[in-house]
Amino acid sequence: GNSVTQMEGPVTLSEEAFLTINCTYTATGYPSLFWYVQYPGEGLQLLLKATKADDKGSNKGFEATYRKETTSFHLEKGSVQVSDSAVYFCALSDQNTGNQFYFGTGTSLTVIP
Amino acid sequence: NAGVMQNPRHLVRRRGQEARLRCSPMKGHSHVYWYRQLPEEGLKFMVYLQKENIIDESGMPKERFSAEFPKEGPSILRIQQVVRGDSAAYFCASSPSKQSYNEQFFGPGTRLTVL
C-alpha cells in the first residue's frame, strides 16, 4: 500500500542554519509528491511538489527532489528564518488508489533568533 | 478567488450531540476531500466526494459518520452521537480534477471539541 514516513521532530534550529527534513515513501504506482506547511491554528498550504522522478520542486528557498531509486523526497533549505517555524508535512497522491493524499506525521520546526 | 471555506472554525459539542461541519470548495472545483487530524498526528483521509456522489469512503468510520456533497450548497460532514474520541481538527480540501498531480487546496479546518 501507500505510506509516507517522515523524520520525527521536533526540530529546533538557529536562524540561518541549514534545514533537512527527511521523507521516504512507499507506493503501488507512480505517485506525485508534495510538501505542505501548517502554521499554528491554520490549514495546510502547499509548499512545493514534484510529479515524476528526478523532478525538483522549489518555493521560498525550500527544495525537494523526487528520488525514485531511494523512494525519497527530502525537504531542504539553505538558511532558515524565524518565520519558517511551522509544521511540515510530506504527502503523496497516487491516482491508482483514488487520489486521496497520504500524509506523514509532520515535523515541527522552531527557528530561534 | 476565494479559497476553501469551512465553518464553523470551532465547534463544541457534548457527548451524544450531533456535529455538522461545512465545506465550500474553491470556485470551479468539483472534487472534495475530508481529512481528520488528531492531536500530534498527521492528516488521515476520510472521504472523497464529487457533486452528488461519494467516490471513496474507505477512511470513514462505519458508524455515526456520514458525508454528502449536494448539487447545490456546501459539502457536509456529519457526526452523530459524538464521543470524546471525535475531538480533532477536520480539514476539507478541494481540487479541480481527479489527476493525482493536482495539489489539493485546504481549508482552515474545523476544530471539534467534545465535552
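The values are calculated or read from the model by the stated rules, or taken from the named source; none is laboratory data. Just so you know, these numbers come straight off a predicted model, no measurement behind them. Here the Cβ is made from the backbone with ideal geometry for all residues, glycine too, and neighbour counts use every protein chain on show. Just the protein is used for accessible areas: all its heavy atoms, side chains included, with ligands, DNA and RNA removed. Shrake-Rupley method; radii C 1.70, N 1.55, O 1.52, S 1.80 Å.
Remarks
- Dipole-positive endmost among A:G57, A:H74, A:V87 within chain A (Cβ charges, Cα centre): A:G57
- Compactness index (Cα Rg / 2.2 N^0.38 Å), region A:17-72: 1.20
- Region A:36-74 versus region B:38-115: alpha-carbon centroid distance in Å: 23
- Hits among lysines - C-alpha to C-alpha of B:K62 under 18 Å, sequence gap 8 or more where chains match: B:K44
- With the simple spin-label model, which puts each label point 7 Å out from Cα in the Cβ direction, the B:S58 to B:K27 separation comes to 3.5 nm.
- FRET efficiency, 1/(1 + (r/R0)^6) with R0 22 Å, evaluated for B:N7 and A:Y39 via beta carbons: 0.65
- Kirkwood-type radius of region A:72-113, with distances r between different C-alpha atoms, in Å: 12.2
- The portion of the accessible surface of chain A made up by carbon and sulfur, rounded to a whole percent, is 48 (1.4 Å probe; DNA, RNA and ligands excluded).
- Buried surface for the A/B pair, taken as the accessible area of each chain alone minus that of the pair with a 1.4 Å probe, is close to 1800 Å² in total.
- All alpha carbon pair distances within region B:21-99 were sorted into 5 Å bins beginning at 0; the resulting P(r) in whole percents reads 3, 16, 27, 26, 16, 8, 3, 0.
- GluC sites (Glu not before Pro) within region A:46-99: DSSP coil, no more than 13 neighbouring Cβ in 10 Å: A:E69
- About the Cα centre, charge dipole magnitude for chain B (Lys/Arg +1, Asp/Glu -1 at Cβ), debye: 380
- Evaluating kT/(6 pi eta Rh) at 10 °C and 1.306 mPa s, with the Kirkwood radius of region A:11-107 over Cα pairs in the Stokes-Einstein relation, gives 116 µm² s⁻¹.
- Computed about the Cα centre, the dipole magnitude for the protein assembly as shown is approximately 840 debye when only Lys and Arg (+1) and Asp and Glu (-1) carry charge, each at its Cβ.
- Comparing A:A91, A:A50, A:A64 in a Gaussian network model of chain A where C-alpha atoms under 10 Å apart are linked, the largest mean-square fluctuation is found at A:A50.
- Descending Cα extents along the principal axes, the protein assembly as shown, whole Å: 48, 38, 35
- Prolate/oblate/rounded label for region B:56-115 (Cα gyration tensor, a/c 1.5): prolate
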